[in-house]
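Peer 1: The structure that follows is given in the form of structure tokens.
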Amino acid sequence: MTRYDNDVERTFVALPPAQGRGFAQTWWGRAWLKALEDAAMDAAQVKTGRRLARAGAVGAVSVRPGRITAIVQDRDRTAHRADVLWGQLSDTQWDHFVDMAIERSGHVAALLDRDMPPHLVEDAAAAGIDLLPGMGDLEPECDCGAWDHCGHTAALCYQVARLLDEDPFVLLLMRGRAESAVLDALQAHVARPAETVAPGTEGVDAAEAYAAGQLLPPLPAPPGLREGPGAPPSLDTEAAPPPGVDPSGLALLASRTATEAHRLLAEALRDGHDRHAVACEPTVAQDAVRLAAGEDPAPEVLDRLCAGSGRTREALAVAVRAWRLGGAAALSVLDEEWAVKGDTLARARAVLESAWEEGEHPSLRARANRWTVADAPHQLRLDRDGRWWPYRREHGRWVPVGGASQDPATALASAAHAPGDDT
């Protein structure tokens, strides 16, 4: 790869077509392209840029602090100047970067070997220095007049990914420091004279020093929990959605994901969380019910959730009702009918016998794990953990009307007081 280097700008000659090979072989090259692909509003323009770069339509690439530039030719040979801007690190951030790299000799060795291991980037990020671009960091400029990434700026980014594979110092130059400046700074720190030890000063036992090196500081306190889940970004934009993307479905998914993440975090921060078994991953059908239990989905999204759950709209409404009362456990009670046998049956009968005072015991007909009150639209369902769930018959269908209880009398009372008898 021929280049001309004047220490503040590097120019790379045009690369040959990239037929049959990927644009990014290294993980940092792929991270560069991900920043482009995640931020571009028009996926078609990204594909056009990839096609142009693959065809060798990108000319010589100029790299300097905060900017990369190249001439890119359209398929009709029309030439356009494309620039991509990326903010530079401050002098203070560069000083922190050098200090951080010196603390670990492996970082210096990796840079000298033109490598950028993940732990170097992670340590830099922990020090407030982002060596790789994130979503929206790469700002496009093109004389074609596009306000977002166009095919020309996308092609430039794909070509730069090939340069980054060869030399991560290209990335550091974009962030504001030439290769020689970085290496000189590292060398200056390494060359600093060590502090002299006064004669007679007692040293540290090697075994003690080695043992102490494995001691880690205590973990920080867990973060505080917000009152509710955050609001996902609005999808109400003037741009048309990419093919195959349903904005209403995506909005519902984002909202429910935020809600579920907040619930999981609340459970993780609760005392005794480490003593509870990890819940099983929901099935596709269960997850469709969970999604439907959020905000009222649009009709077309509701139809997709019905198909995913294997239910009609009416059946899905009942399943949503169960989910809101008790999540996956309540949904299992709604769907599953199982035979109660042996010790489980004996315990259930004993609990039912002692739940009411003499003369108040309702007449119950048992079938499997369901006890139905005679001459009343009320039912108790036993789950596999020994809890009782109240049900009522509404419009010819048994529906859940309350949460689980260890006491069947309490559960049945909530069924009796719920509105909507179907006698």
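Peer 1: Relative to the present Cα-Cα distance, how much length would full extension add between Leu219 and Thr257 at 0.36 nm per residue of separation? Please list the in-between numbers first.
Peer 2: Details: separation 38, 0.36 × 38 = 13.68 nm, distance 2.75 nm.
Full-extension gain reported as 10.9 nm.
Peer 1: Here's a follow-up. Residue by residue through the range 85-98, which ³J(HN,Hα) values in whole Hz follow from phi under the Karplus form 6.51 cos²θ - 1.76 cosθ + 1.60 (θ = phi - 60°), with glycine and proline marked x?
Peer 2: 9, 8, x, 8, 6, 6, 4, 5, 5, 5, 4, 5, 4, 5
Peer 1: Still on this structure, I have one more. With a/c under 1.5 counting as rounded, go ahead and sort the range 343-423 into rounded, prolate or oblate using the C-alpha gyration tensor (a ≥ b ≥ c being the square roots of the eigenvalues; past the cut-off, prolate if a/b is larger than b/c, else oblate). If you can, show how the numbers build up before the last one.
Peer 2: Details: a/c = 1.68, a/b = 1.43, b/c = 1.18.
Prolate, since a/c reaches 1.5 and a/b exceeds b/c.
Peer 1: Sticking with this structure for a sec: Residue by residue, what Karplus-based ³J(HN,Hα) values in Hz, rounded to whole numbers, does the range 246-262 have, using 6.51, -1.76 and 1.60 with θ = phi - 60° and x for Gly and Pro?
Peer 2: Here the 3J(HN,Hα) series is 9, x, 5, x, 5, 5, 5, 5, 5, 5, 5, 5, 4, 5, 5, 4, 5 Hz.
Peer 1: Can I ask one more? Whole-Hz Karplus ³J(HN,Hα) for the range 295-311, in order, using 6.51 cos²θ - 1.76 cosθ + 1.60 and θ = phi - 60°, x for Gly and Pro?
Peer 2: 4, 4, x, 5, x, 5, 6, 4, 4, 5, 5, 4, 5, x, 8, x, 10
Peer 1: Further question: Under 5 Å between amide H atoms, partner at least 5 residues away or on a different chain: which partners does Arg67 have, H built in plane at 1.01 Å?
Peer 2: Trp86
Peer 1: Helix 342-354: angle to the longest alpha-carbon principal axis of the chain, degrees 0 to 90, nearest 10?
Peer 2: 60
Peer 1: With a point put 7 Å past each Cα toward its Cβ, work out how far Glu267 is from His417 in nm, to one decimal.
Peer 2: Spacing of the two 7 Å Cα→Cβ label points: 2.8 nm.
Peer 1: Rolling a 1.4 angstrom probe over the protein heavy atoms, how many square angstrom per residue are accessible across the chain?
Peer 2: Working: 24440 Å² over 423 residues.
Result: 58 Å² per residue.
Peer 1: Further question on the same structure: Just subtract the alpha-carbon distance of Arg397 and Ala374 from 0.36 nm times their residue separation and send over the number in nm, one decimal. Before the final figure, lay out each step's value.
Peer 2: On the way: separation 23, 0.36 × 23 = 8.28 nm, distance 1.62 nm.
Contour length minus Cα-Cα distance gives 6.7 nm.
Peer 1: Under a crude label model (7 Å from the Cα following the beta-carbon direction), how far is Arg51 from Ala285 in nanometres?
Peer 2: Going from the Arg51 label point to the Ala285 one covers 4.4 nm.
Peer 1: With r defined as the distance between the Cβ atoms of Ala298 and Ala188 and R0 fixed at 51 Å, what FRET efficiency is calculated, to the nearest 0.05? Intermediate values should be presented prior to the final figure.
Peer 2: Numbers: r = 62 Å, r/R0 = 1.21.
E(calc), rounded to 0.05, equals 0.25.
Peer 1: Taking the Cα-to-Cβ direction at Ser332 and at Lys34 and moving 7 Å from each Cα, how far apart do the two end points lie in nm?
Peer 2: 3.5
Peer 1: On to the next question. If I fit a long axis through the Cα atoms of helix 27-39 and take the longest principal axis of the Cα atoms of the chain, what angle between them do I get, 0 to 90°, rounded to 10?
Peer 2: 70
Peer 1: Here's a follow-up. Per residue and in Å³, how big is the convex hull formed by the alpha-carbon atoms of the chain?
Peer 2: Working: hull volume 106.4 nm³, N = 423.
Measuring per residue, one finds 252 Å³ for the Cα hull of the chain.
Peer 1: Also, I was wondering about something else. Given the peptides 315-322, 37-44, 354-361, arrange them by the average over their residues of other C-beta atoms within 10 Å, most packed first. Write out the running numbers ahead of the final one.
Peer 2: Working: 315-322: 19.9, 37-44: 15.8, 354-361: 10.4.
Averaged packing, sorted descending, gives the order 315-322, 37-44, 354-361.
Peer 1: In the range 18-148, if every C-alpha pair distance is counted and binned at 5 Å from zero, what percent goes to each bin?
Peer 2: Per 5 Å bin, starting at 0, the Cα pair percentages come out as 2, 9, 15, 21, 19, 13, 10, 8, 3, 1, 0.
Peer 1: Helix 43-54: angle to the longest alpha-carbon principal axis of the chain, degrees 0 to 90, nearest 10?
Peer 2: The angle comes out near 40 degrees.
The values are calculated or read from the model by the stated rules, or taken from the named source; none is laboratory data. Just so it is clear, the model here is predicted, and its values are computed rather than measured. Virtual Cβ from ideal backbone geometry, glycine too; neighbours counted across all protein chains shown. With ligands, DNA and RNA removed, areas are computed over all heavy atoms of the protein, side chains included. Shrake-Rupley method; radii C 1.70, N 1.55, O 1.52, S 1.80 Å.
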